[in-house]
1. Name every residue in region 22-35 that is open to solvent by less than 60 Å² (accessible area, probe 1.4 Å), assigned to a strand (DSSP E or B) and of a type in the set (A, V, I, L, M, F, W, C), in order of residue number.
2. Can you name every residue in region 36-53 that is in contact (Cβ under 8 Å) with a residue 12 or more places away in the chain and surrounded by fewer than 13 Cβ atoms within 10 Å (Cβ to Cβ)?
3. Restricting to region 1-21, and then to whatever is open to solvent by 80 Å² or more (accessible area, probe 1.4 Å) and hydroxyl-bearing (Ser, Thr, Tyr), can you tell me which residue is modelled with the highest pLDDT?
4. List the number of the failed condition for residue 69; all other conditions in (1) open to solvent by 70 Å² or more (accessible area, probe 1.4 Å); (2) of a type in the set (Gly, Ala, Ser); (3) at pLDDT 90 or above hold.
Amino acid sequence: MNRLTDTVLDLPPVRDAPPSIPAAITTWWGQATRMWWALVPSRYGPRLVEAPSAEALAVAVDWYLRRAAI
């Protein structure tokens, strides 16, 4: 089915390689949660972001940094 409700509109463009996470962003692997984590700055204070892989975390961090620039 090709309906508008099946389409995700608010995602960053797919790239060949994930974006790099800036060195100023703190990231870590949570052994208990089995997830990747990052503290991303925003105008309202740091935002805690999680992702299932390092590549997904890089995309999420890039998205939050781009959104903060708007």
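The values are calculated or read from the model by the stated rules, or taken from the named source; none is laboratory data. None of these values were measured; they are calculated from a predicted model. Cβ: placed from backbone, ideal geometry, glycine included. Neighbour counts: every protein chain shown. For accessibility, only protein heavy atoms count, side chains too; no ligands or nucleic acids. Shrake-Rupley method; radii C 1.70, N 1.55, O 1.52, S 1.80 Å.
1. Passing the criteria: only 35.
2. So the first thing to find is which residues in region 36-53 are in contact (Cβ under 8 Å) with a residue 12 or more places away in the chain, and the list is 36-43, 47, 49-53.
42, 43, 52, 53, listed by residue number.
3. Per the criteria, the residue is 20.
4. Among (1) open to solvent by 70 Å² or more (accessible area, probe 1.4 Å); (2) of a type in the set (Gly, Ala, Ser); (3) at pLDDT 90 or above, residue 69 violates only (3).
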